[in-house]
Amino acid sequence: MILSDSRILQEIEKGTILISPYDRACLGSNSYDVHLGSTLATYREHILDAKKHNEIECFEIPDEGFVLYPHVFYLGVTLEYTETHAHVPFLEGKSSTGRLGIDIHATAGKGDVGFCGNWTLEISVKQPVKVYKGMPIGQLIYFPVEGEILVSYNQKKGAKYNAQPDRPIESMMWKNKF
């Protein structure tokens, strides 16, 4: 079951969902539109190693926009900072974004109860496309949770992506033991 607009508003009022900045016009019938933040990043090295800390280079999107190219993997970030304390948030692309050939996540569309931060976007494109900071990029939908949450993400020891800032964050796979 996905939360409706009225339930999202109730949860915002209760403080179990926080979206900042918040704009009522971005609330759909069962989702909330999020926007592309001002920073993008690419990995410094062409070949990535899952056991290594792969560093990124961040850069600002100029006012005139920035052209994304196929075969380049970009990390972006949402303009919005969110907190979700009683629901599972999912980030999905908007149909208008998809129709431009922009994918905003490779695999990480689901958040955890207790996630607090800006969302890092895993961006790839089908053909060159110019993007702009502040453009609608995706939508958050919220699912209720069945059962008690014993440890929320923001309280989980070793949560690698908690309190994400307003810039892209690289993969933290290298912190895993394997």
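The values are calculated or read from the model by the stated rules, or taken from the named source; none is laboratory data. This one's a predicted model, so the numbers in the text were calculated from it and none came from an experiment. All Cβ positions, glycine included, derive from the backbone under ideal geometry; neighbour counts span all protein chains shown.
A compact table of results
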item: Residue in region 31-54 that is in contact with a helix residue (DSSP H, G or I) (Cβ under 7 Å, 6 or more places away or on another chain) and within 14 Å of Ile141 (Cα to Cα) present; result: yes
item: Region 168-178, residues that are of a type in the set (Lys, Arg) and part of a helix (DSSP H, G or I); result: Lys175
item: Test for Thr82: is it closer than 19 Å to Leu27 by Cα, in a helix (DSSP H, G or I) and in contact (Cβ under 8 Å) with a residue 24 or more places away in the chain; result: no
item: Boolean, Ala86 is at pLDDT 90 or above and surrounded by 16 or more Cβ atoms within 10 Å (Cβ to Cβ); result: yes
item: Residue that is farthest from the chain's Cα centre (by Cα) [pool: residues in region 20-53 that are crowded, with 17+ Cβ neighbours inside 10 Å and outside any strand (DSSP E or B)]; result: Cys26
item: Boolean, Ile12 is modelled with pLDDT of 95 or more, among the hydrophobic types (A, V, I, L, M, F, W, C) and under 20 Å from Lys94 (Cβ atoms); result: no
item: From Ala106, Ala159, residue being of a type outside the set (S, T, N, Q), touching a strand residue (DSSP E or B) at 6+ places or on another chain (Cβ under 7 Å) and over 20 Å from Ile2 (Cβ atoms); result: Ala106
item: Filter pass, Val67 being assigned to a strand (DSSP E or B), surrounded by fewer than 19 Cβ atoms within 10 Å (Cβ to Cβ) and out of contact with any Gly (no Cβ under 8 Å at 6 or more places or on another chain); result: yes
item: Test: residue in region 130-137 that is over 14 Å from the mean Cα position of the chain (by Cα), over 19 Å from Pro168 (Cβ atoms) and surrounded by 14 or more Cβ atoms within 10 Å (Cβ to Cβ); result: no
item: Of residues in region 127-137 being touching a strand residue (DSSP E or B) at 6+ places or on another chain (Cβ under 8 Å) and in a loop (DSSP other than H, G, I, E, B), the one farthest from Leu36 (Cα to Cα); result: Pro128
item: Candidate set from region 125-170 (those that are among the small types (Gly, Ala, Ser) and at pLDDT 90 or above); member that is farthest from Arg24 (Cα to Cα); result: Gly147
item: Looking only at region 85-115, and only at residues there that are touching a residue at least 40 places away in the same chain (Cβ under 8 Å) and assigned to a loop (DSSP other than H, G, I, E, B), the one that is farthest from Glu11 (Cα to Cα); result: Lys94
item: Residues satisfying the stated conditions in region 138-167, i.e. buried (at least 16 other Cβ atoms within 10 Å of the Cβ), part of a loop (DSSP other than H, G, I, E, B) and of a type outside the set (Ser, Thr, Tyr); result: Ala159, Asn162, Arg167
